[in-house]
Amino acid sequence: SGTNYRIRTYAANALGSGDVTIGDTVSLHIDNASAFSSSAILTLNGGRDTKLSASKLTLNQDATVSEFWYNGAQYGPGTYDGSSGLTDQNGYNLIGGTGTLTVVPEPGSAALLGLSCLCLCLRRRQK
């Protein structure tokens, strides 16, 4: 039922420099490690492309993002691949291919967290 689409990224910056959101009837194939910015937020919605027998995200190259979301759930910093055990709502592997997806928070977020901790420490010291 319906039409399913597959987006393949063969060129650097194929998906631009902003955040990337993939909808219900679309699967994303990363064929170039620089297909999108490493500071992008990658959001996937929906499940496996059953008509094309493809995972929701196929990594043929390694990719890096600042945040990774699937169906409203955020996955923390780390490395994800086809053996990570992430599945869609039907139990199919969410990620396929030979590459990895590395989630590294933006330095600005980490710096803000560090600054907050420093302020708390200074405040305690003043008491």
- Message: Please verify whether Tyr92 is of a type outside the set (Gly, Ala, Ser) and within 19 Å of Asp19 (Cβ to Cβ), treating the condition exactly as stated.
- Response: no
- Item | Single residue of Thr79, Thr58, Thr87 found to be without any contact (Cβ under 8 Å) to a residue 60 or more places away in the chain and under 18 Å from Tyr10 (Cβ atoms) | Thr58
- Task: Could you run through the range 74-91 and say how many residues are over 15 Å from Thr43 (Cα atoms) and in contact with a Ser or Thr (Cβ under 7 Å, 6 or more places away or on another chain)?
- Result: 2
- Can you name every residue in the range 5-61 that is among the acidic types (Asp, Glu), within 19 Å of Asn71 (Cα to Cα) and modelled with pLDDT of 90 or more? Asp19
- In the range 6-36, what count of residues is obtained for those that are assigned to a strand (DSSP E or B) and touching a Ser or Thr at 6+ places or on another chain (Cβ under 6 Å)? 4
- Task: Could you list all residues from the range 50-99 that are open to solvent by less than 30 Å² (accessible area, probe 1.4 Å) and of a type in the set (A, V, I, L, M, F, W, C)?
- Result: Ala54, Leu57, Leu59, Ala63, Val65, Phe68, Leu86, Leu94, Ile95
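The values are calculated or read from the model by the stated rules, or taken from the named source; none is laboratory data. Note that the coordinates shown come from a computational prediction; the quantities given were computed from them, not determined experimentally. A quick note on method: Cβ atoms are made from the backbone with ideal geometry, for glycine too, and the neighbour counts reach across all protein chains shown. The area values use the complete protein model at the heavy-atom level, side chains included, leaving out ligands, DNA and RNA. Shrake-Rupley method; radii C 1.70, N 1.55, O 1.52, S 1.80 Å.
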